[in-house]
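The values are calculated or read from the model by the stated rules, or taken from the named source; none is laboratory data. Since the structure is predicted, the reported quantities are computational estimates derived from the model, not experimental observations. When we count neighbours, we look across all protein chains shown, and the Cβ atoms used for this are built from the backbone with ideal geometry, even at glycine.
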Amino acid sequence: MRHVWRLVCAAAMVLTMMPRTAVAQPATDDYVWAAACKDCHAAEYTAWENTKHAHAINRLSGSEKEADGKCIGCHVTGAPSLLADESNANVQCESCHGPGKAHIAAAAGGAAKTGSIVRKPAESVCVDCPSEKSPHFKFFSYAAMSGLVHVVQK
């Protein structure tokens, strides 16, 4: 039993040290940022404003905010290199639901299915960042937390 535990620990260490697979980012101009979602999704926007996602960038130190750093990718929306003007700071709507430019254009045109926004993101979208790769990770349960997303207080 002791050997099994050692193997599990060794495997976990190797996996956390492996470089993260690069994911193709959508084009910069496909993003509209959270403020653009507010008019049509006011309740969801207000609920988001009171979450840690809305203030994620503030959890990083100056060196952790560097675009080529390991931490910044989970604390911004889209590519970390956009952080120069801070429009993409924090975990905004488009981090989970996808870039909103086509969604807004379709809605403005009266389309019933508005663009390529994902209404309910897959679990894999939510578990990539709160994981053992974070130096401050304690615990994350998708099943327990998913019901708290966009909970609107009435």
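Worth pointing out:
- Restricting attention to segment 53-70, the residues that are modelled with pLDDT under 90 and either closer than 21 Å to PRO99 by Cα or hydrophobic (A, V, I, L, M, F, W, C) (or both) add up to 1.
- Of all residues in segment 36-58, those that are among the polar types (S, T, N, Q), under 24 Å from PRO80 (Cα atoms) and part of a helix (DSSP H, G or I) total 1.
- Checked against (1) crowded, with 17+ Cβ neighbours inside 10 Å; (2) of a type outside the set (Gly, Ala, Ser); (3) in a helix (DSSP H, G or I); (4) at pLDDT below 90, VAL125 passes all but condition (1).
- Within segment 104-117, tally of residues that are surrounded by 12 or more Cβ atoms within 10 Å (Cβ to Cβ) and without any contact (Cβ under 8 Å) to a residue 60 or more places away in the chain: 7
- Segment 59-98, subset of a type in the set (D, E, K, R) and part of a helix (DSSP H, G or I), residue surrounded by the most Cβ atoms within 10 Å (Cβ to Cβ): GLU94
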